[in-house]
Amino acid sequence: MITFFICLAVLIAGYFTYGKLVENIFSPDDRETPAVRINDGVDYVVMPQWKLFLVQLLNIAGLGPIFGAMQGALWGPIVFLWITFGTIFAGGVHDYFSGMLSERNEGYSISEVSGIYMGKIMKNVMRVVSVILLVMVGTVFAVGPAGLVTTLIKNGTGATGLIANTTLWTFIILAYYFVATFISIDKIIGRIYPVFGLCLIVMAIGVIIGIYTNPAYTIPELWDSFYSMHPSGTPVWAFMFITVACGAISGFHSTQSPLMARCMKSEKQGRFVFYGAMTAEGILALIWAAAGCAIYEKTGEAGAFLSTGLNEALAMGQSAAIYDVCQKTMGGVGVALAMIGVIVCPITSGDTAFRSARLTIADWFGIDQNKYIKRLYLCVPLLGAGALISFLDYQVVWRYFSWTNQTLAMIVLWTASMYLYMEKKCYWLTAVPATFMSAVSMTYFFSAPECLGLSTKIAYPIGIILAVLFLAFFLFVIYKRDPKPDYSTLEANKKKTK
């Protein structure tokens with residue numbers, strides 16, 4: 001378990017060192033925040049810092065650092081490196097800037113913020129991509145918990161039929177989303193979500209204690225298993241980097257950060273709320289990846305072990321695999337925590353996903369959200385789209401979600417790079433991870449079966465070349481561009497809402 005504890009220590013140290021560097025470069029000040037200035041009692045509501053952190057963690061976490069990390073464990077302990085360094089140098093940076101740039105621009109959605117610094121074309125691209133991603137996320141975070149509820153009912157009571165039907169529970173969860181999406185953010189989210197955030201943390205602690213105290217489970221060391229253990233031979237690049245999204249870097253987070261940016265009393269809360277929540281999610285992902293590596297049987301010989309046991313567990317369904325981990329590490333208590341942590345917590349990310357989709361469209365068309373009826377105009381079609389997507393194959397939706405997710409993260413990092421250039425600050429802080437994520441996203445697009453499905457001999461060089469071209473184009477643009485942001489989006493939306 002030495003590798004695990006080293007990565008855990010590096011993650012925590014990263015928050016206090018690199019996170020502080022990121023904060024210093026951004027330079028938060030004492031200006032009046034949107035929560036104080038606007039405070040509409042619906043989406044702009046001041047909340048205390050501890051509550052902001054727990055709600056942000058719950059909003060960005062859900063199933064992501066659990067399902068994604070366990071799938072990433074198929075590659076073996078090398079996934080620890082991506083979770084650790086991805087969180088510190090990419091995910092934390094991405095989340096901090098997406099939240100703080102929104103906070104600096106009236107708390108607007110990330111698509112509108114991107115338009116300010118990247119232009120109208122990118123603004124429209126981000127609008128479409130954001131809404132599609134958010135609806136997919138909301139649907140994934142409905143189907144996943146519904147599947148686990150069904151598993152618990154079947155295992156606990158042996159019941160079958162309607163009560164143990166995943167579709168039924170999916171629609172029940174979507175019905176809850178309908179309510180939570182349009183009511184005031186402090187009515188449900190601000191009151192009870194911090195409790196569920198604590199449950200997510202407690203569940204992860206219980207899993208790692210269960211592994212540590214059971215001599216039958218051993219987390220493999222990186223130096224003994226520095227190779228891909230994936231049973232299907234799926235390449236590490238770029239598939240592992242797409243699969244483990246929420247536990248390292250996730251574009252979905254940039255759609256959630258504006259929710260808390262609208263509730264901050266001070267800019268100086270940003271590092272704890274945004275970078276801190278991402279660090280906490282990285283720790284959660286590290287624990288679940290360790291569980292996937294430690295609990296399940298591996299076949300083969302030394303130097304060539306494959307994660308066949310974990311592969312078989314995941315083949316039974318991701319919800320069933322999570323249930324199995326909780327039961328093996330914590331017994332009956334684990335099952336109870338699984339009900340809270342892996343059912344309730346994803347649901348609380350799903351409803352904020354649909355809420356963010358509503359706000360993105362509202363910002364897009366300048367629709368005032370103070371009245372219930374106008375919020376309902378947006379909620380009904382969004383939840384209807386989610387209901388239709390829920391009938392699609394879960395694994396396929398997850399893969400498309402993962403790629404769209406990382407592509408959005410790439411764009412947000414380029415947006416942050418442009419902001420830093422305009423502020424005459426070190427834009428390499430975000431340009432380097434932006435280039436890396438460009439290579440990941442483009443390589444996956446060209447090589448993944450659900451995308452173009454080209455051979456790695458073709459996809460690898462194309463992905464890397466495109467990433468270099470993106471960087472070159474960025475450097476060319478900042479060389480030619482007048483370093484002044486375009487605030488026309490904000491002014492236009494202000495006039496529309498008035």
Inset, instruction - Would you please give the FRET efficiency between Glu301 and Ile458, computed as 1/(1 + (r/R0)^6) with r the Cβ-Cβ distance and R0 = 30 Å, to the nearest 0.05? - result: 0.40
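Considering only protein heavy atoms, what per residue accessible area in square angstrom results for the range 439-485 with a 1.4 angstrom probe? Write down the numbers at each step before the final one.
Numbers: 2730 Å² over 47 residues.
Per residue, the range 439-485 has an accessible area of 58 Å².
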Inset, instruction - Please work out the FRET efficiency for the pair Leu168 and Arg481, using the Cβ-Cβ distance as r and a Förster radius of 51 Å; give the result to the nearest 0.05. - result: 0.40
Inset, instruction - Please list the radius of gyration and Dmax for the range 1-65, considering alpha-carbon atoms only, with Å as the unit. - result: 16.5, 50
Legend entry - Alpha-carbon radius of gyration plus Dmax, which is the widest Cα pair, for the range 390-462 in Å: 15.1, 49
Legend entry - Ordering of 256-264, 34-42 by burial proxy (mean other Cβ atoms within 10 Å per residue, highest first): 256-264, 34-42
Inset, instruction - Subtract the Cα-Cα distance of Thr308 and Glu450 from 0.36 nm times their separation in residues, and report this length gain in nm to one decimal. - result: 48.8 nm
Inset, instruction - Could you tell me which helices of the chain pass both thresholds, a Cα extent of 30 Å or more along their own axis and a mean Kyte-Doolittle hydropathy of at least 1.0, with helices taken as whole DSSP H runs? - result: 2-26, 120-157, 189-213, 456-480
Legend entry - Added length on full extension, which subtracts the Cα-Cα distance from 0.36 nm per residue, Leu376 to Asp40: 119.2 nm
Inset, instruction - Using the heavy atoms of the protein chains and a 1.4 angstrom probe, tell me the accessible area per residue for the range 200-282 in square angstrom. - result: 31 Å²
Inset, instruction - For Glu423, enumerate residues with amide H under 5 Å from its amide H, sequence gap 5+ or separate chain, H modeled in the peptide plane. - result: none
Inset, instruction - List, in the order given, every pair from Lys123/Lys374; Lys425/Lys480; Lys51/Lys328; Lys120/Lys457; Lys20/Lys51; Lys51/Lys424 whose Cα-Cα distance in the structure shown is over 27 Å. - result: Lys51/Lys328; Lys120/Lys457; Lys51/Lys424
Inset, instruction - Any chance you could look up the accessible area of Lys328 with a 1.4 Å probe, heavy atoms only, rounded to 10 Å²? - result: 90 Å²
Inset, instruction - Report the local net charge at Gly334: Lys and Arg +1, Asp and Glu -1, summed over other residues whose C-beta lies under 11 Å from its C-beta. - result: 0
Legend entry - Calculated P(r) of the chain - Cα pairs past 34 Å, %: 31 percent
Inset, instruction - Round to the nearest 10 and report in Å² the accessible area of Met1, as given by a 1.4 Å probe over the protein chains' heavy atoms. - result: 40 Å²
Inset, instruction - State whether the range 1-159 is rounded, prolate or oblate according to the following rule on the C-alpha gyration tensor (a ≥ b ≥ c being the square roots of its eigenvalues): a/c under 1.5 gives rounded; otherwise a/b larger than b/c gives prolate, and the remaining case gives oblate. - result: oblate
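Using a 1.4 Å probe and counting only protein heavy atoms, arrange Val129, Val46 so the residue with the most accessible area comes first. Walk me through the numbers before you get to the answer.
Details: Val129 35, Val46 60 Å².
Highest to lowest solvent-accessible surface, that is Val46, Val129.
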Inset, instruction - Rounded to the nearest 0.05, what FRET efficiency do Asn124 and Asn214 give with R0 = 41 Å and r taken as the Cβ-Cβ distance? Could you check? - result: 0.20
Legend entry - Binned Cα-Cα distance frequencies in the range 286-378 - 10 Å width, integer %: 14, 30, 20, 17, 15, 5, 1
Legend entry - Projected area averaged over orientations for the range 181-305, convex hull of C-alpha atoms, nm²: 10.5 nm²
Legend entry - Dmax and Rg, reported as Rg then Dmax, of the range 67-131 (C-alpha, Å): 15.7, 43
Inset, instruction - Summarise the accessible area of the chain (1.4 Å probe, protein heavy atoms) by the percent that is carbon and sulfur. - result: 68 percent
Legend entry - Mean shadow area of the range 49-103, taken as a quarter of the surface of its Cα convex hull (nm²): 4.3 nm²
Inset, instruction - In nm, give the distance between the simple-model label positions of Asp368 and Val195, each being 7 Å from the Cα along the Cα-to-Cβ direction. - result: 3.6 nm
Legend entry - Relative contact order [Cα under 8 Å, 6+ residues apart], the chain, whole percent: 29 percent
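The values are calculated or read from the model by the stated rules, or taken from the named source; none is laboratory data. Just so you know, these numbers come straight off a predicted model, no measurement behind them. Positions of Cβ are generated from backbone atoms using ideal geometry, with glycine treated the same way; all protein chains shown enter the neighbour counts. When the accessible area is computed, the model is the full protein with side chains, heavy atoms only, and any ligands, DNA or RNA have been set aside. Shrake-Rupley method; radii C 1.70, N 1.55, O 1.52, S 1.80 Å.
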